[in-house]
1. What is the distance in Å between the Cα centroid of segment 61-79 and that of segment 8-33?
2. Over 5 Å intervals from 0, what percent of Cα-Cα pairs in segment 14-78 sits in each interval?
3. Put a dot 7 Å past each Cα toward the Cβ at residue 13 and residue 48; how far apart are the dots in nm?
4. Percent relative contact order of segment 14-78, based on C-alpha pairs within less than 8 angstrom and at least six residues apart?
5. Work out how much length residue 55 to residue 67 would gain on full extension: take 0.36 nm times their residue separation and subtract the Cα-Cα distance, in nm to one decimal.
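Nothing in this text is a laboratory measurement; each read-out follows from the coordinates by a stated rule. Because the structure is predicted, anything quoted here is derived from the model rather than measured. A quick note on method: Cβ atoms are made from the backbone with ideal geometry, for glycine too, and the neighbour counts reach across all protein chains shown.
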């Protein structure tokens, strides 16, 4: 499937977003286990992990959505250049 463009799949978007969040939370867990901090520093590490997970989900979903929408816009422009209807891509 290399070289092919994909549309925006909600399942794939959710999977990648949650995967990024899980990776950040795993890093926070490893940091907690390695450092063995006191309650105050442990709370700071956990809160940073949660904030990082939320940020990672946002970055991944934004990037995937922009890529999908940019590809759709390019397809529309290409259909218009070929003399088709830019909205549907069908010939006039």
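1. The two parts, judged by their Cα centres, are 24 Å apart.
2. With a bin width of 5 Å, the distribution comes to 4, 19, 19, 15, 12, 10, 8, 5, 4, 3, 2, 1.
3. 3.1
4. Details: 38 pairs, mean separation 29.8, N = 65.
It comes to 46 percent, rounded to a whole number.
5. Numbers: separation 12, 0.36 × 12 = 4.32 nm, distance 1.83 nm.
In short, 2.5 nm is gained.
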